[in-house]
Ligand code: IPE
Ligand code: IPE
Ligand code: MG
């Protein structure tokens, strides 16, 4: 399947980050339990990865489980961990085929122990892939990541090296307009986009539309617009 040709004013964002929100509401609307929403959300992850490859995004960072999500009822947490496990087992082949490198960010010491070798295997086996870097944020807290980086980093460059690349486009689905402890440093100059669609509804066209809006925005980084500075 070929991606629709995007109408772009400027370049495609190199680094897209997504707060995948609204799985619970999606399920609720259908009279299903929240876990069913997360299952549908996992399918949307696959679509977003494929679409990112097609559109030429270099890095995609997905918020899969925040450090504050441990507060949720245990059956829901368990279902999310099972979905993550399932993803790590079933998606490696597809990632290798598509050239997707997997990296998991966040704490690992509180995850179910059986997940660790699966994470390491996925990262190792896809280490040579260069088309898309897929970063999955699991037990992730941006504040914790910054505190940790501050133990060794002293300059902006060292912080960036410890934390990861700056975000160009941040998308949050399901209408809420907040960052929920996600990529706080990396989003210093990110374009923020809040869409009403619930995460399980998000598809290739949704990402395409977001990229088109992004490409029409003017990023200044504190300077002047290109035409004013000439
Ligand atoms: C996002 O959907 C998925 C995770 C936080 C793991 P939610 O589960 O937060 O869905 P809502 O916000 O309750 O609709
Ligand atoms: C943020 O969503 C975390 C993920 C999408 C994984 P939440 O649903 O947990 O955030 P809040 O509680 O609405 O801020
Ligand atoms: Mg939510």
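Identify all residues within segment 207-230 that are touching a residue at least 24 places away in the same chain (Cβ under 8 Å) and either within 19 Å of the chain's Cα centre (by Cα) or not in a loop (DSSP other than H, G, I, E, B) (or both); write none if there are none.
Within segment 207-230, 207, 208, 210, 211, 212, 214, 215, 216 qualify.
Please determine whether any residue of segment 123-135 is assigned to a strand (DSSP E or B), at pLDDT 95 or above, farther than 14 Å from residue 185 by Cβ and touching a helix residue (DSSP H, G or I) at 6+ places or on another chain (Cβ under 7 Å).
yes
Exactly one condition in (1) part of a helix (DSSP H, G or I); (2) crowded, with 18+ Cβ neighbours inside 10 Å is not met by residue 104; state its number.
Of everything listed in (1) part of a helix (DSSP H, G or I); (2) crowded, with 18+ Cβ neighbours inside 10 Å, residue 104 misses just condition (1).
Within segment 56-80, can you find the residues that are more than 13 Å from ligand 1 (Cβ to nearest atom) and crowded, with 20+ Cβ neighbours inside 10 Å?
57, 59, 60, 61 - these are the residues of segment 56-80 that are more than 13 Å from ligand 1 (Cβ to nearest atom) and crowded, with 20+ Cβ neighbours inside 10 Å.
List every residue pair whose Cβ atoms sit under 7 Å apart, with the two residues 6 or more apart in sequence or on different chains, where the first one lies in segment 169-180 and is more than 19 Å from residue 208 (Cβ to Cβ) and more than 10 Å from ligand 1 (Cβ to nearest atom) and the second, anywhere, is at pLDDT 95 or above and not in a loop (DSSP other than H, G, I, E, B).
Going by the 7 Å Cβ cut-off, the qualifying pairs are 177/194.
Looking at 118, 83, which one is at pLDDT 95 or above and under 26 Å from residue 22 (Cα atoms)?
Checking each option against the conditions leaves just 83.
Looking at 31, 37, 24, can you tell me which residue is over 23 Å from residue 97 (Cβ atoms) and assigned to a loop (DSSP other than H, G, I, E, B)?
Only one candidate qualifies: 31.
If you take the residues in segment 14-32 that are closer than 21 Å to residue 196 by Cα and away from ligand 2 (no atom under 14 Å from the Cβ), which one is farthest from the chain's Cα centre (by Cα)?
Going through the qualifying residues, I end up with 31.
Within the bounds of segment 141-155, is there any residue that is closer than 30 Å to residue 36 by Cα and either touching a helix residue (DSSP H, G or I) at 6+ places or on another chain (Cβ under 6 Å) or surrounded by 16 or more Cβ atoms within 10 Å (Cβ to Cβ) (or both)?
So far as segment 141-155 goes, yes, one or more of its residues are closer than 30 Å to residue 36 by Cα and either touching a helix residue (DSSP H, G or I) at 6+ places or on another chain (Cβ under 6 Å) or surrounded by 16 or more Cβ atoms within 10 Å (Cβ to Cβ) (or both).
The values are calculated or read from the model by the stated rules, or taken from the named source; none is laboratory data. All of these numbers come straight from a predicted model, not from anything done at the bench. A quick note on method: Cβ atoms are made from the backbone with ideal geometry, for glycine too, and the neighbour counts reach across all protein chains shown.
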